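Let me begin by presenting the structure, written as structure tokens, before commenting on it.
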Amino acid sequence: MILTARTLHPGTASGEAIRLTAPLSFWGGTDEDGRIIDAHHPQCGAILAGRILVMESGRGSSSASSVLAEQIRTRAAPAAIILARPDPIIPLGALIAHELYALATPVVVADRYDAVPADGLVQIVARPDRATISWSTVGR
């Protein structure tokens, strides 16, 4: 299956998907290992590091961009982020990490983000002009 998306920050990534059922702020919502630590989040305890994060939107503080940039630097961030609607804070963190550390974490907006499987392997190719999200449902 292939879905097109709008690129907020370019890059390529693949990994196991995780779909959040509520918005998340990286500031105060995740720890240095990429684990959700917000006690009020429905998926508290889930590990985001190295996974394709699928969520409706981010939540909260502008400081979340610096937390995300640091997680990207330490390899504790999601491999890519798929959003339902644009969020200026999340791609800013990816942009900072790219500029400072030369690490590209794609961030995209997909109108049909809910079509991406809640788990399974997902690949994102986010070019400046457009992005594609693909996955296989074989054997699922």
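Tabulated data for the structure shown
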| item | result |
| --- | --- |
| Ser61-Leu103 FRET efficiency (beta carbon distance; Förster radius 22 Å; 0.05 resolution) | 0.50 |
| Sparse-neighbourhood loop sites, trypsin sites (Lys or Arg not before Pro) in the range 58-111 - DSSP loop, at most 16 other Cβ within 10 angstrom | Arg75 |
| Cα shape, the range 64-136, gyration tensor, a/c 1.5 rule | prolate |
| Computed label-point distance, nm, for sites Ser136 and Asp31 using a 7 Å Cα→Cβ extension | 3.5 nm |
| Candidates per GluC sites (Glu not before Pro) in the range 1-87, loop by DSSP, up to 12 other Cβ within 10 Å | Glu32 |
| Dipole-positive endmost among Met1, Ile36, Ala118 within the chain (Cβ charges, Cα centre) | Met1 |
| Cα principal axis extents for the range 48-94, largest first, Å | 26, 21, 13 |
| Inter-centroid distance (Cα atoms) of the range 70-134 relative to the range 8-59, Å | 11 Å |
| Efficiency of FRET between Leu121 and Thr74 - r from beta-carbon atoms, R0 22 angstrom, step 0.05 | 0.40 |
| The range 1-127 - percent of accessible surface contributed by carbon and sulfur, probe 1.4 Å | 53 percent |
| For mean projected area of the Cα convex hull in nm², calculated from these coordinates, the label among (1) 16.6; (2) 9.6; (3) 7.3 | (3) |
| Size of electric dipole in the chain: Cβ of Lys, Arg +1 and of Asp, Glu -1, about Cα centre, debye, nearest 20 | 320 debye |
| Most positive-pole-ward Cα, Ser65, Val109, Ala80, against dipole of the range 50-110 from beta carbon charges | Ala80 |
| Whole-angstrom Cα spans of the range 24-69 along principal axes, big to small | 22, 22, 20 |
| Sequence-separation-based contact order of the chain, relative, with Cα cut under 8 Å and 6+ spacing, percent | 37 percent |
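The values are calculated or read from the model by the stated rules, or taken from the named source; none is laboratory data. Predicted, not measured: the structure shown is a model, and the values here were computed from it. Please note: Cβ atoms are built from the backbone with ideal geometry, for glycine as well, and neighbour counts cover all protein chains shown. Surface areas here come from the heavy atoms of the whole protein model, side chains and all, with no ligands, DNA or RNA. Shrake-Rupley method; radii C 1.70, N 1.55, O 1.52, S 1.80 Å.
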